[in-house]
1. Scan the range 300-315 and give yes if some residue there is modelled with pLDDT of 95 or more, buried (at least 21 other Cβ atoms within 10 Å of the Cβ) and more than 14 Å from ILE150 (Cβ to Cβ), otherwise no.
2. Can you tell me how many residues within the range 111-151 are in contact (Cβ under 8 Å) with a residue 60 or more places away in the chain and of a type in the set (D, E, K, R)?
3. Tell me, please, whether a residue that is modelled with pLDDT of 95 or more and either assigned by TED's automatic domain parsing to the domain that holds GLN396 or of a type in the set (Ser, Thr, Tyr) (or both) can be found in the range 241-249.
4. Kindly check whether there is at least one residue in the range 357-379 that is over 24 Å from SER95 (Cβ atoms) and over 21 Å from the mean Cα position of the chain (by Cα).
5. Being at pLDDT 95 or above, outside the structural domain of SER226 (by TED's automatic domain parsing) and over 25 Å from the mean Cα position of the chain (by Cα) is the requirement here; does GLU392 meet it?
6. Does the range 269-278 hold any residues that are buried (at least 17 other Cβ atoms within 10 Å of the Cβ) and either over 28 Å from the mean Cα position of the chain (by Cα) or in the same structural domain as ALA419 (by TED's automatic domain parsing) (or both), and which are they?
7. Take the residues of the range 395-417 that are surrounded by 24 or more Cβ atoms within 10 Å (Cβ to Cβ) and of a type in the set (Gly, Ala, Ser): which is nearest to VAL359 (Cα to Cα)?
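The values are calculated or read from the model by the stated rules, or taken from the named source; none is laboratory data. Note that this is a predicted model, so its numbers are computed, not measured. Neighbour counts run over all protein chains shown; Cβ positions are idealised from the backbone, glycine included.
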Amino acid sequence: MNRWRCTVCGYVYEGEEAPEVCPVCDARRDEFELTDEDIDIRERPEDEVCTVAIVGNGAAGIEAARAVRRSLADARIHLFSREPYPFYSRLYLTSYLAGEKKRGELFVYPPEWYETHGIIQHLGEEIIRIVPQERELLSSQDVLRYDRLILCCGARAFRPSLLGEENGGVFSLRGLDDADAILRYLENVSDVAVVGGGVLGLEAAAAFARHGKKVRVFERSRKVMSRQLDETASGLLIRELERQKIAVHLHADVVEITGNGRVTGLRLRSGERFPAQMVLLSVGIWPNVLLAEEAGLHVNRGVVVDKTLRTSDPFIFAAGDVAEFEGKIYGLWTVSAEQGRIAGQNACGQEAVHYQGSVPSTVLKVVGPELTSVGQYEVRHGGESEIVWLDESSGQYRKLVLRDGRIIGGIVIGDNRLAAAIERAVKAGTEVPAEVLDGFRKGEKEGLLNLARRRQQAAR
């Protein structure tokens, strides 16, 4: 049986052919590629890895569970989640807010999938303590002894210290319960303020606008999606947001949420005030490291891991938003899935797979234009160059960042197929012929698409 990986979100599908549409991110069939995973399922003697516990059932946790099951036929896999829900696509939360997805469509696998793969779910069961010396997990309901433990407990929304943040109507968006609460509250408001102009904040703003709300976005920096876009792409995106009647305020430092028990507005450091009956805070994440800290693991901002994603305890691994590798916490779905697969395989005692870091890739949904940023989006060092193509009338924008004839990053607005081709080239370190780059300068894209197509066919 073949394994197909979605190049947009990292989801792995098992079947003879790739699916028509990715159930996690809606990517098309041509955005799947055959994976090079070929792990033999083997029986294990009783004195080796028998019980693997995984804390967290997001992208990292579910991929870790899949990797363990592929590696060990007889392993007992316990998957714990604080939430009472099985694995669902957090990528779709803003689509759910916008009414593009129904609640039930967020869930990726049916109940029988977990039974078929021998994954024991502990839904709504919070882990309250790890006892490394005994290799035990203490949950809110039981005690479990593990042979290997994989921490995939994710991150929580960072809440900045603001005057008035205790007022009713102030929200963050990390999980399904958050989305449900936001939708209930949204019914009775007319003005919504979104603090933070990153991916999540902009997608949520567009979702609120779909409900007919007056939406304002407040961003401290000089551009939106400041970690993924250059000035030109940011300007094009702001133009699209304004077309949707979403006001964007740059260099806007929010210092107070005004209200008297319920939100009435915002105050900026400049003294400006704006009305709002609901506020969404979307200013980053903070890894859930408390369990690891109390267990005595090495923790910096996240749980520190080595190239095998092993923590300072030889029997405990970490992956996803909670893991810190070489000083980095990526906070991206695709990276979490990749790390989960590697941590799961290494936890089983297979020949070690080394994590080499990830190429960051971000796709903007809900807002309207197809926008993708992958890898390095601007020139930072000598020897690097960029190629830009822009069509002002349509708002289409294409950019490549190059080093030694290889693409190391890019931005694409208006063409998901081209974005997927660029992402493949970045990850593969493909050397791009000069004639293909010359064509790109003139607005031609077939050269890059054909290059990606040939590589995909060769992989098959």
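1. Yes; the residues of the range 300-315 include at least one that is modelled with pLDDT of 95 or more, buried (at least 21 other Cβ atoms within 10 Å of the Cβ) and more than 14 Å from ILE150 (Cβ to Cβ).
2. Summing the residues that are in contact (Cβ under 8 Å) with a residue 60 or more places away in the chain and of a type in the set (D, E, K, R) in the range 111-151 gives 5.
3. no
4. Yes.
5. no
6. Passing the criteria: PHE274, ALA276, GLN277.
7. So, considering only residues that are surrounded by 24 or more Cβ atoms within 10 Å (Cβ to Cβ) and of a type in the set (Gly, Ala, Ser), the one nearest to VAL359 (Cα to Cα) is GLY409.
Residues are listed down the side, and each one gets a yes or a no for (1) at pLDDT 95 or above; (2) closer than 21 Å to LEU290 by Cα; (3) under 22 Å from the mean Cα position of the chain (by Cα); (4) not assigned by TED's automatic domain parsing to the domain that holds LEU151:
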position	(1), (2), (3), (4)
VAL52	yes, yes, no, no
GLY58	yes, yes, yes, no
GLY61	yes, yes, yes, no
ALA65	yes, no, yes, no
ALA73	no, no, no, no
ILE77	yes, no, no, no
ARG82	yes, yes, yes, no
TYR85	yes, no, yes, no
SER89	yes, no, yes, no
